[in-house]
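Okay, structure first, notes after.
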Amino acid sequence: MKSQQTHPAIAINLLEGTVESKRAEIRAYFESTYSLYETLFEVLNSDQAYYERACSLRHPLIFYFGHTATFFVNKLVLAKLLPERINAKIEALCAIGVDEMSWDDLNEAHYDWPSVDEVRQYRRQVREAVLQVIDETNFTLPINWESPMWPVLMGIEHERIHLETSSVLIRQLPLALVEPHPQFPVCPNQGEAPENILFEVPAGQVLIDHQDPAESYGWDNEYGFHQADIDGFKASAFLVSNGEYLAFVDAGGYDNPAFWSEEGNRWRQFTPDKHPTFWVKQTNGDWRLRCMTEEVPMPWDWPVEVNALEAEAFCRWKAHETGRSIRLPSEDEYLRLRDFTQALDKAHLANQNLQFYASSMSVNQFETGDFFDVIGNVWQWTNTPIYPFTGFKVHPLYDDFTTPTFDNQHNIIKGSSWISTGNEINGHSRYAFRRHFFQHAGFRYIESAQAVPTYVSTYETDQAVAQYCEFHYGQSYFDVDNFAQACADKVIERVRADSDFKQRKDINCLEVGCSVGRTSFELAHAFAQVTGIDFSARFIQVANQLKETGEIRYTRTLEGDLVDYQSQNLADLGLADVVNRCQFLQQDAANLKPHLTDYDVVVALNLIDRLYDPKRFLSMIHQRMTEGGLLFIASPYTWQETYTEKANWLGGYKDAETGENVTTLDGLHQILDAEFERLGQPIEMPFVIRETQRKFQHTLSELTVWKKRN
């Protein structure tokens, strides 16, 4: 068995050691991660390969080459560990668009990608910047969510995820664009597929109580409390091999809709293949397997790699053929199998962490009791949509890691693959992908008559998001009008009164900091197109859900742990007919993508005092507007260093030279007067935010209107 270089795998112990030894570990971990990621891209044999879209649902690889470095910069700027951006253009282009979310912008016409050499140079600059942060940042042990070293580790583990996801995209490129690499050899060994057998897994309990601080880095969905009693079941000894799956293909399984879910049938009609995507059929009828950089004769004893829809269809076919209750395991059933086999104790022997080959290996090689590949070789699909454990919280620096996937459309994969490293293999990981996506993922099946939930409640329970759902769509309090609606009415009234816009029907509007979307929907009554953007993926997810389904459900705090359940819909608010005029995108207001331009109206409500760089936003917004365009800014001017460094405050301080008070309105004039004229006097816009049934925030926001000079 050929072995290649082993890379740091298990995440750094964050609880023990000295600060300086830990600093050295983090430095080495970063260096090895960053270099390994760049080495992966050496399998591309030309610059052309960086710009070819391997998958229509993903960006070309030039995005991913720059994305992981951009992620470091974005998070370190937010954490106030980097004083400024390194390359704003690359950081705007390569920030968002990784998954097929409704707010991802995959329109390639919107992207003027940088050259490969530009991104290489950018990556070198980011490397030096991150190393400086590691070397100079003061921190203590343990390293937890609050530690200044956490965003560094976040960037490292994020890049290790993309090591794997980028390898999947490379595998989908035409062979002519890739070439083998000595650091990523394919396993040369193959044989006949073993006959699969079902073995008993006794009943037991799954218990997870994973809290911060923890021994190793974790993503938000891993933390919390979860307990489940699992009935006994039988599980296949082996992952389903290419040889075992061939029987399903030969039986016409891809042509029989009875074996596919409704979603699966939609995908089946979309894809031309009648076999796994990485299988290649020769003209003589022989099968070959596409690996990352080459095709090899079909290794029938390797695990088949399919998406969740294909795995589900195989199980239905297998159940039909055998008359047994065959299905995919739930996440809890997988965990019960892992605990029963004590597979984590032999994780160092599994086919993961690139410690053997850059490919799968035989399904009967890595044994734990009666079962094989409980960990490693390929990820294993479950039938469980990802959901939060009790006590789930999002990290404020990365609120869009998991929350956008709480949509019953992303199923959990378990167990790791041959290229999984770092957090992916530390035993706590919970990754989820859309059911039609490909990873290096296969499956094992179980026999059980026990029904398991395949749908989770979509009540919004995140306190901040639920609070804004109520603020935007819930009832009014203390005779104060709904703020989002009242502001929209003021904007529409002022725009219609402006001579430049009075007769126009094609007004294009941008709302910056749209939160959960109410103002954007209201503005769509009067404007032809409204684009709502927000930095928070959690907010954008709600706005898009409302656009797509017309309804939002959320919990509302009564007192302590007591909540009630609310449901609001756009039809009741008279907004159902305008949703097609709205789009919602996740964006950084201080670093907008280049194509977001030519807006007649820009609205920013309660935004500027929550930006990390409000001066940058205000100094560039005129570039995104048409001549004579109207800018509406509302803010209560509640400056806090938690959100904005004091040096970036627009007002609320005394001038260092004169000792005079500087108000935010003064600061707005100082920045905007060069490009805008203020119209009229500021208008007070009150609002009330409900925290509990007995606690409310009553605030006055000041609305000012600015007209761009011709």
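The values are calculated or read from the model by the stated rules, or taken from the named source; none is laboratory data. Not measured: the values here are computed from a predicted model. Positions of Cβ are generated from backbone atoms using ideal geometry, with glycine treated the same way; all protein chains shown enter the neighbour counts.
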- Single unsatisfied condition, Val249 versus (1) touching a strand residue (DSSP E or B) at 6+ places or on another chain (Cβ under 7 Å); (2) assigned to a helix (DSSP H, G or I): (1)
- Item | Selection from the stretch 322-359 of residues that are assigned to a helix (DSSP H, G or I), touching a helix residue (DSSP H, G or I) at 6+ places or on another chain (Cβ under 9 Å) and charged (D, E, K, R) | Arg338
- Query: In the stretch 350-407, which residue that is among the aliphatic types (A, V, I, L, M) and more than 14 Å from the chain's Cα centre (by Cα) is nearest to Glu551 (Cα to Cα)?
  - Reply: Val378
- Message: For the condition modelled with pLDDT of 95 or more, crowded, with 16+ Cβ neighbours inside 10 Å and not small (Gly, Ala, Ser), what is the one hit in Leu40, Leu15?
- Response: Leu40
- Note on the structure: Only one of (1) at pLDDT below 90; (2) surrounded by 22 or more Cβ atoms within 10 Å (Cβ to Cβ); (3) among the acidic types (Asp, Glu) does not apply to Asp400, and that is (2)
- Task: Quickly run through the stretch 472-483 and pick out the residues that are buried (at least 21 other Cβ atoms within 10 Å of the Cβ) and more than 17 Å from Asn544 (Cα to Cα).
- Result: Asn482, Phe483
- Message: Would you confirm whether or not the stretch 456-474 contains a residue that is assigned to a strand (DSSP E or B) and either under 30 Å from Asn408 (Cα atoms) or in the same structural domain as Gln681 (by TED's automatic domain parsing) (or both)?
- Response: yes
- Considering only the stretch 360-408, state which residues are β-branched (Val, Ile, Thr) and touching a helix residue (DSSP H, G or I) at 6+ places or on another chain (Cβ under 8 Å). Thr368, Val374, Ile375, Thr382, Thr384, Ile386, Val394, Thr402, Thr403
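Return the residues of the stretch 510-530 that are crowded, with 21+ Cβ neighbours inside 10 Å, out of contact with any Ser or Thr (no Cβ under 7 Å at 6 or more places or on another chain) and either assigned to a helix (DSSP H, G or I) or not aliphatic (A, V, I, L, M) (or both); say none if nothing qualifies.
Hits for the stretch 510-530 are Gly513, Ser515, Gly517, Arg518, Thr519, Ser520, Phe521, Glu522, Leu523, Phe527.
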- Task: State yes or no: is Phe389 of a type outside the set (S, T, N, Q), more than 22 Å from Ala228 (Cβ to Cβ) and touching a strand residue (DSSP E or B) at 6+ places or on another chain (Cβ under 7 Å)?
- Result: no
- Exactly one of Thr663, Thr699 is in the same structural domain as Gly560 (by TED's automatic domain parsing) and in contact (Cβ under 8 Å) with a residue 60 or more places away in the chain, and that one is Thr699
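Among the candidates Asp506, Asp479, Asp500, which residue alone is part of a loop (DSSP other than H, G, I, E, B) and at positive phi?
Answer to the selection: Asp479.
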- Would you confirm whether any residue within the stretch 179-189 is surrounded by 20 or more Cβ atoms within 10 Å (Cβ to Cβ), modelled with pLDDT of 95 or more and among the charged types (D, E, K, R)? no
